[in-house]
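The values are calculated or read from the model by the stated rules, or taken from the named source; none is laboratory data. Note that the coordinates shown come from a computational prediction; the quantities given were computed from them, not determined experimentally. Quick reminder, even Gly has a Cβ in these numbers, built from the backbone with ideal geometry, and neighbours come from all protein chains shown.
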Amino acid sequence: RRVGVLISGSGTNLQALIDSTNGVNNNCSSEIVLVISNKAGVQGIERAQKAGIQTQVINHKEFGSREEFDMEVDRCLRKAGVEIVCLAGFMRILSGEFVRKWRGHMLNIHPSLLPAFKGHNAHEQVIAARVRISGCTVHFLEEEVDAGAIVVQESVPVYPRDTVASLAERVKTVEHKAFPLALELVASGQATLKEGVIDWSQ
Ligand code: GRF
């Protein structure tokens, strides 16, 4: 399957996806063919270039509306023949129309065990709630933020002295396993979205 990855930053999840898909002698079901960032000069772009993957910066500030930006992203993905979209630290909310177009073919990673701690400041919420376990969730994208059917989750402990930075770092170690696994499950057809829930083939 041809995969497009949308990023906004350092791209450590992108790197994990690159390592699991685009390596030589790799018999996995997908290949990353395009990386799009809404920010120029981010490390994720460098990671993609180093791996020989086509990159594109689409600066959201150059568009009059969310819908126009999304339409340009959609156009580039389709031009590259992308079949599955992975949101790997992409910090923009996508419009309803875009989400509907890619429904069942778009995965997002969120740094908490959903449905707990939705939103952009998940680690702050986890620490404030003093829970003892957190983790990450890879899910299909729905119009409602952080709400789609869950493909993979992985947990980590939360320690009393954790800061946002120390917790984020621990969560990222499991994100880097969970995202490649989820992508493989979807790209291989083992997990498909049917009427809002996952149909697990065998
Ligand atoms: C990850 O923690 C992801 O869950 C969140 O943003 C972070 C992106 O990190 N949405 P990176 O750019 O993949 O290093």
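Observations on the structure shown:
- Residue 77, sole failed condition from (1) under 17 Å from residue 8 (Cβ atoms); (2) more than 14 Å from the chain's Cα centre (by Cα); (3) not in a helix (DSSP H, G or I): (3)
- The set of residues from the range 1-35 being closer than 23 Å to residue 92 by Cβ, in contact with a strand residue (DSSP E or B) (Cβ under 7 Å, 6 or more places away or on another chain) and within 16 Å of the ligand (Cβ to nearest atom) comprises 3, 4, 5, 6, 7, 8, 13, 14, 17, 18, 32, 35.
- Residue check, residue 131 assigned to a loop (DSSP other than H, G, I, E, B), at pLDDT below 95, among the β-branched types (Val, Ile, Thr) and farther than 22 Å from residue 2 by Cβ: no
- Selection status of residue 117, surrounded by 13 or more Cβ atoms within 10 Å (Cβ to Cβ), among the aromatic types (Phe, Trp, Tyr) and more than 23 Å from residue 83 (Cβ to Cβ): yes
- Residue match in the range 105-112 (condition: free of Cβ contacts under 8 Å to residues at least 12 places away in the same chain, within 11 Å of the ligand (Cβ to nearest atom) and either within 19 Å of the chain's Cα centre (by Cα) or surrounded by fewer than 20 Cβ atoms within 10 Å (Cβ to Cβ) (or both)): no
- Any hit, the range 93-102, residues being within 16 Å of the ligand (Cβ to nearest atom), within 17 Å of the chain's Cα centre (by Cα) and hydroxyl-bearing (Ser, Thr, Tyr): no
- Per the conditions (1) part of a loop (DSSP other than H, G, I, E, B); (2) within 17 Å of residue 177 (Cα to Cα), the sole criterion not satisfied by residue 153 is (1).
- Conditions (1) assigned to a loop (DSSP other than H, G, I, E, B); (2) within 16 Å of the ligand (Cβ to nearest atom); (3) more than 10 Å from the chain's Cα centre (by Cα): number failed by residue 126: (1)
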